[in-house]
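Participant: Pasting a structure here, questions to come.
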Amino acid sequence: MMKDDIEEILVSETQIREICIQLGAQITHDYQDKKPLLIGLLKGCIPFMSDLVKHIDLYVDMEYLSVSSYHGGIASTGDVKITKDSDISLKNRDILIIEDIVDTANTITTMLEVFKNRGANSVKVVTLLDKPGGRLKPYTPDYIGTTIPNQFVVGYGLDYNELYRNLPYVGILKKAVYSNKES
Ligand code: IMP
């Protein structure tokens, strides 16, 4: 079964729920006089975005972009591509990017630049997970669910070779799964 591939649960369903409630309240407070445009980066954002927005008590627009940088492995290629762009104009909008994880920060810093160049009024980032040990450039997200060690994780939107996105928690994958060795 899929769950047998998980070595350890790092962020439980209960913890994720608490994070969504807390971040939702903070975002509601910070954007109270605004109508932010929430942009989720597919596909990893889906579980987090759908749970988080339920705790944001504001009028919001929601949009999704597809960005690719991993191409199936466990290390970022650093080559960030927009494969599905926004249908909504970003000009003068207060944008809140919703990410599953910030690792090297290549993806998010590229997106920040793109959105600012398109005339956004403000661009901030909320990420469920922050992995500062993986950084290739200095960057701190505006809203962080929780900080994790520099390990490859799956679940709750995060994949390995497109699998495990449907796990209800975030866990560490057994090394044997990607090294073909028994751990
Ligand atoms: P970054 O550009 O290296 O910051 O990585 C951002 C993207 O890489 C995330 O949106 C994820 O899709 C993917 N990623 C980074 N770390 C992990 C991980 O531990 N597991 C699964 N995907 C990851």
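The values are calculated or read from the model by the stated rules, or taken from the named source; none is laboratory data. What you are looking at is a predicted structure, and each value in this text was computed from that prediction instead of being measured. Glycine gets a Cβ as well: all are built from the backbone with ideal geometry, and neighbour counts include every protein chain shown.
Participant: Could we say that P132 is farther than 24 Å from K35 by Cβ, of a type outside the set (S, T, Y) and touching a Gly at 6+ places or on another chain (Cβ under 8 Å) here? Outline the logic, then answer.
Facilitator: Numbers: farther than 24 Å from K35 by Cβ: yes; of a type outside the set (S, T, Y): yes; touching a Gly at 6+ places or on another chain (Cβ under 8 Å): no.
Here the answer is no, as P132 does not meet what is asked.
Participant: Additional query: From the list T104, T110, T146, which one is under 23 Å from Y178 (Cβ atoms) and among the hydroxyl-bearing types (S, T, Y)? If you could, list the steps in order and put the result at the bottom.
Facilitator: Numbers: T110 fails: under 23 Å from Y178 (Cβ atoms); T146 fails: under 23 Å from Y178 (Cβ atoms).
None of the other options fit; the residue is T104.
Participant: What is the number of the single condition among (1) surrounded by 13 or more Cβ atoms within 10 Å (Cβ to Cβ); (2) out of contact with any helix residue (DSSP H, G or I) (no Cβ under 9 Å at 6 or more places or on another chain) that K84 does not meet?
Facilitator: Just one mismatch for K84, condition (1).
Participant: Take the conditions of a type outside the set (D, E, K, R), part of a loop (DSSP other than H, G, I, E, B) and either more than 13 Å from the ligand (Cβ to nearest atom) or touching a His at 6+ places or on another chain (Cβ under 8 Å) (or both) and apply them to L96. Does it pass?
Facilitator: So L96 does not fit the description; no.
Participant: Somewhere in the range 51-60, is a residue outside any helix (DSSP H, G or I), over 20 Å from P141 (Cβ atoms), in contact with a Ser or Thr (Cβ under 7 Å, 6 or more places away or on another chain) and modelled with pLDDT of 95 or more?
Facilitator: Among the residues of the range 51-60, at least one is outside any helix (DSSP H, G or I), over 20 Å from P141 (Cβ atoms), in contact with a Ser or Thr (Cβ under 7 Å, 6 or more places away or on another chain) and modelled with pLDDT of 95 or more, which makes the answer yes.
Participant: Can you go through M1, M49 and tell me which one is closer than 29 Å to V177 by Cα and more than 16 Å from the ligand (Cβ to nearest atom)? Steps first, answer last, please.
Facilitator: Details: M49 fails: more than 16 Å from the ligand (Cβ to nearest atom).
Selected residue: M1, the only one of M1, M49 that is closer than 29 Å to V177 by Cα and more than 16 Å from the ligand (Cβ to nearest atom).
Participant: Test S68 against the stated conditions and say whether it is modelled with pLDDT under 95, surrounded by fewer than 18 Cβ atoms within 10 Å (Cβ to Cβ) and near the ligand (Cβ under 9 Å from one of its atoms). So that I can check it myself, show each step before the final result.
Facilitator: Details: modelled with pLDDT under 95: yes; surrounded by fewer than 18 Cβ atoms within 10 Å (Cβ to Cβ): yes; near the ligand (Cβ under 9 Å from one of its atoms): yes.
Yes: the conditions hold for S68.
Participant: If I ask for residues that are within 22 Å of G171 (Cα to Cα) and touching a Gly at 6+ places or on another chain (Cβ under 7 Å), which ones from the range 105-129 would you list?
Facilitator: T127, L128, L129
Participant: Among the residues of the range 146-160, is there at least one that is assigned to a strand (DSSP E or B) and away from the ligand (no atom under 11 Å from the Cβ)? Break it down into steps so the answer makes sense when it comes.
Facilitator: We begin by selecting, within the range 146-160, every residue assigned to a strand (DSSP E or B); these are 146-147, 153-155, 158, 160.
Remaining after also requiring away from the ligand (no atom under 11 Å from the Cβ): 146-147.
So far as the range 146-160 goes, yes, one or more of its residues are assigned to a strand (DSSP E or B) and away from the ligand (no atom under 11 Å from the Cβ).
To keep it simple, each residue is scored yes or no on (1) crowded, with 22+ Cβ neighbours inside 10 Å; (2) β-branched (V, I, T).
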| site | (1), (2) |
| --- | --- |
| L90 | no, no |
| V102 | yes, yes |
| A105 | yes, no |
| I108 | yes, yes |
| F115 | no, no |
| L128 | yes, no |
| D159 | no, no |
| Y178 | no, no |
